[in-house]
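Below is one structure; the comments refer to it alone.
The values are calculated or read from the model by the stated rules, or taken from the named source; none is laboratory data. Bear in mind the structure is a predicted one, so any value in this text is a computation, not a measurement. In this analysis, Cβ positions are derived from the backbone assuming ideal geometry, glycine residues included, and neighbour counts consider all displayed protein chains.
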Amino acid sequence: MIEVDSLTKRYGRATAVDGVSFRVEKGEILGFLGPNGAGKTTTMRILTCYLPPTQGTARVGGYDVFEQPMEVRRRVGYLPETPPLYPDMEVHDYLDFCAKIKGVAAREREAKVGAAIDKCRVGDVRTTLIGKLSKGYRQRVGVAQAILHNPDVLILDEPTAGLDPKQIIETRELIRGLGGDHTVILSTHILPEVQLTCGRVLIINEGRVVAEDSPENLTRRLKGAGTLRIEVRGEENAVLATVRAVPGILAAHVRGGHDEALVIDVEAEAGRDVRSDLAGAVVTGGHGLLGLQQMGMSLEEIFLHLTTTDETEAAGAAEAKEA
Ligand SMILES: Nc1ncnc2c1ncn2[C@@H]1O[C@H](COP(=O)(O)OP(=O)(O)O)[C@@H](O)[C@H]1O
Ligand SMILES: [Mg+2]
């Protein structure tokens with residue numbers, strides 16, 4: 001449904017998107033995960049015909065975004081980072097206005113507006129001024145305007161940014177419900193977001209794709225990576241010697257302690273889950289294991305980890321981490 005080949009976008013001498021290629025099959029929900037400035041919005045603006053690429057091609061339903069923009073626009077619904085909402089319009093009137101702009105025929109308009117209102121569950125605010133809506137409702141109105149003309153493809157730029165936890169859950173459910181009928185690309189800089197909503201994830205950093213996988217596989221690849229924190233009762237040097245002797249452990253440092261327990265941060269080899277060996281060694285060594293915790297990784301650490309294990313662009317990711 002979507003085919004992107006060696007897409008590059010330069011702004012002057014700065015390269016925002018650098019040779020990105022990917023495909024999205026019909027009905028798939030693809031997540032674009034990357035930190036701010038990674039090139040997510042730029043890629044989406046090219047796919048929605050708002051920006052021409054510098055190099056490479058992008059096709060939607062077989063139509064080239066640059067050469068056949070009218071055909072592409074007919075098939076694509078777009079929720080920009082800041083949706084073009086008019087605060088002085090009522091929800092229903094706004095959606096009717098959007099349908100008009102999108103060229104929905106007059107006789108079909110009421111039905112299409114009604115369907116979008118139902119799908120996005122904004123029926124209870126159809127006569128409310130957009131300016132008076134909560135952020136969660138506003139975002140759903142934004143999604144409603146994107147699906148008005150019943151496009152095959154939906155492109156949603158950070159659809160859950162700035163929402164509270166309850167609104168995030170509602171928006172996620174809405175998006176999951178739209179997959180299947182529509183082919184969806186959504187962007188986010190939050191890892192759990194793609195894990196919960198997407199069937200496949202493309203991680204982009206500094207304009208390049210650094211990983212592409214299912215959320216399950218990404219989670220598996222990330223498991224055991226990063227820092228483990230253990231809490232151990234025992235004599236410091238003996239405990240450290242035991243921990244450092246476990247295969248796959250690169251470093252161990254005492255971080256603190258309380259009530260005769262040591263808190264130790266342990267760094268493991270990338271891609272190796274050492275938890276069970278570590279716990280076994282501590283106990284066999286005659287120390288008391290009071291706790292073992294996987295510390296969460298920051299998005300930067302995730303990029304560094306993925307790029308290092310893939311042995312591609314490790315240097316680039318390291319720079320990104322320092323920045
Ligand atoms: N109109 C523009 N002019 C110049 N640079 C831009 C413009 N839009 C985006 N950029 C730059 O391109 C890079 C990618 O930006 P963007 O696509 O917005 O990333 P993301 O959506 O992943 O945060 C950033 O370094 C950004 O500063
Ligand atoms: Mg963006």
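For the range 147-163, give me each residue that is within 16 Å of ligand 2 (Cβ to nearest atom) and either touching a strand residue (DSSP E or B) at 6+ places or on another chain (Cβ under 8 Å) or modelled with pLDDT of 95 or more (or both).
Within the range 147-163, Ile155, Leu156, Asp157, Glu158, Pro159, Thr160, Ala161 meet the criteria.
Is there any pair linking a residue in the range 31-58 that is farther than 19 Å from Asp213 by Cβ to one that is part of a loop (DSSP other than H, G, I, E, B) and near ligand 2 (Cβ under 9 Å from one of its atoms), with Cβ under 7 Å and at least six apart or on different chains, and which?
So the pair list comes out as Asn36/His189; Thr41/Glu81.
Only residues that are surrounded by fewer than 20 Cβ atoms within 10 Å (Cβ to Cβ) and closer than 23 Å to Leu174 by Cβ: list them for the range 26-40, please. Write out each step before concluding.
Within the range 26-40, the subset surrounded by fewer than 20 Cβ atoms within 10 Å (Cβ to Cβ) is 26-28, 35-37.
Lys26, Gly27, Glu28 - these are the residues of the range 26-40 that are surrounded by fewer than 20 Cβ atoms within 10 Å (Cβ to Cβ) and closer than 23 Å to Leu174 by Cβ.
Scan Val232, Val239, Val243 and give me the residue that is touching a Gly at 6+ places or on another chain (Cβ under 7 Å) and at pLDDT 90 or above.
Working: Val239 fails: touching a Gly at 6+ places or on another chain (Cβ under 7 Å); Val243 fails: touching a Gly at 6+ places or on another chain (Cβ under 7 Å).
None of the others qualify; the one that does is Val232.
Which of the residues that make up the range 164-190 are of a type outside the set (S, T, N, Q) and within 16 Å of ligand 2 (Cβ to nearest atom)?
Narrowing the range 164-190 to residues of a type outside the set (S, T, N, Q): 164-166, 168-170, 172-182, 184-186, 189-190.
Ile185, Leu186, His189, Ile190, listed by residue number.
Starting from residues that are of a type in the set (A, V, I, L, M, F, W, C) and at pLDDT below 95, keep the ones in the range 32-48 and report whichever is farthest from ligand 1 (Cβ to nearest atom).
First, the residues of the range 32-48 that are of a type in the set (A, V, I, L, M, F, W, C): 32-33, 38, 44, 46-47.
Next, from what is left, pick out any that are at pLDDT below 95: 32-33, 38.
On the way: Phe32: 8, Leu33: 10, Ala38: 4 Å.
Looking at residues that are of a type in the set (A, V, I, L, M, F, W, C) and at pLDDT below 95, I get Leu33.
Among the residues of the range 106-113, is any touching a residue at least 24 places away in the same chain (Cβ under 8 Å) and over 24 Å from Ser187 (Cβ atoms)?
Kept after step one, since they are touching a residue at least 24 places away in the same chain (Cβ under 8 Å), are these residues of the range 106-113: 112-113.
Subsequent filtering for residues that are over 24 Å from Ser187 (Cβ atoms) retains 112-113.
Yes, the range 106-113 contains at least one residue that is touching a residue at least 24 places away in the same chain (Cβ under 8 Å) and over 24 Å from Ser187 (Cβ atoms).
Suppose we filter the range 211-223 for residues that are crowded, with 18+ Cβ neighbours inside 10 Å and at pLDDT below 80; how many remain?
Here is the first cut: in the range 211-223, the ones crowded, with 18+ Cβ neighbours inside 10 Å are 211, 215, 218, 221-222.
With at pLDDT below 80 added as a condition, the list becomes 218, 221-222.
Residues meeting the conditions: 3.
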